[in-house]
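A.B. asks: Pasting a structure below so you can have a look.
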Amino acid sequence: MNRQHDRLKMMLVTALFAAIIGILAQVTIPLPLVPITGQTLAVGLAATILGSRYGTLSAFLYMLLGAVGLPVFASMSGGMGVIVGPTGGYIVSFIFSAFVIGYYLEKTSFTIPQAFIANIIGMFVNLAIGTVWLKYLAELSWTGAFASGFLPFIIGGIIKALLAAWVGIIVRQRLISAKLLKTSEKISA
């Protein structure tokens, strides 16, 4: 019974983080081709707090909710058209970014410095996948794709990585103290 309870609790927390990603996606700083949004901050928080398995599931659930048409993507958009469009690679990359962040932390330690490193790596995963996707779907040169889909987001990405690390580790520690999260995220399926 306790295992089922833990599993249900983690499923609910995963869904909550998918909703948080959708909410923070509406925090947008518009730029010409690709806007800066709170999505990456939320993905970093999910992975930092929940680890690789549930952080990845929350990013996947977020993408799935948007794919079926719920307006959870930036600017209250949704649908497969967004995912297969020029900026869709950034959304798809959230799944990989969340996994990398959580996996790195599980292999090192859930501390603010390690979480910052993990979130920086996750930022580069996000930007690399998104930029390659943007290059091909928007038919840009590599220079154009790099200049419009990668470079403008590095400073903001570093700031969001620091926030995700700092807030994520503090929230994770408090959730563990309150027995709402286990130190090991290996809750069996």
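A.B. asks: Can you list residue pairs whose Cβ atoms sit under 7 Å apart, with the first residue in segment 166-177 being in contact (Cβ under 8 Å) with a residue 40 or more places away in the chain and small (Gly, Ala, Ser) and the second being surrounded by 15 or more Cβ atoms within 10 Å (Cβ to Cβ) and assigned to a helix (DSSP H, G or I)? Count only pairs 6 or more apart in sequence or on different chains.
C.D. replies: Going by the 7 Å Cβ cut-off, the qualifying pairs are GLY168/GLY44; GLY168/LEU45; GLY168/THR48; GLY168/ILE49; GLY168/ALA115.
A.B. asks: One residue is enough: does segment 148-158 have a residue meeting the conditions free of Cβ contacts under 8 Å to residues at least 60 places away in the same chain, surrounded by 15 or more Cβ atoms within 10 Å (Cβ to Cβ), over 22 Å from ALA25 (Cα atoms) and not hydroxyl-bearing (Ser, Thr, Tyr)?
C.D. replies: Within segment 148-158, none of the residues are free of Cβ contacts under 8 Å to residues at least 60 places away in the same chain, surrounded by 15 or more Cβ atoms within 10 Å (Cβ to Cβ), over 22 Å from ALA25 (Cα atoms) and not hydroxyl-bearing (Ser, Thr, Tyr).
A.B. asks: Same structure, new question: Based on what the data block shows, is ILE21 within 26 Å of LEU181 (Cβ to Cβ), surrounded by fewer than 20 Cβ atoms within 10 Å (Cβ to Cβ) and not small (Gly, Ala, Ser)?
C.D. replies: no
A.B. asks: Scan (1) of a type in the set (Gly, Ala, Ser); (2) modelled with pLDDT of 95 or more; (3) in a helix (DSSP H, G or I) for the single condition SER109 breaks and write down its number.
C.D. replies: For SER109, the exception is condition (3).
A.B. asks: Turning to a different aspect of this structure: List the residue pairs whose Cβ atoms are under 8 Å apart, where the first residue sits in segment 73-101 and is more than 17 Å from LEU24 (Cβ to Cβ) and crowded, with 24+ Cβ neighbours inside 10 Å, the second is among the aromatic types (Phe, Trp, Tyr) and modelled with pLDDT of 95 or more, and the two are 6 or more positions apart or on different chains.
C.D. replies: Cβ pairs passing all conditions: GLY89/TRP133.
A.B. asks: So is GLY144 in a helix (DSSP H, G or I) and within 15 Å of the chain's Cα centre (by Cα) or not?
C.D. replies: no
The values are calculated or read from the model by the stated rules, or taken from the named source; none is laboratory data. Given the structure is predicted, the values throughout are model-derived calculations rather than measurements. FYI the Cβ positions are ideal-geometry reconstructions off the backbone, even for glycines, and counts take in every protein chain you see.
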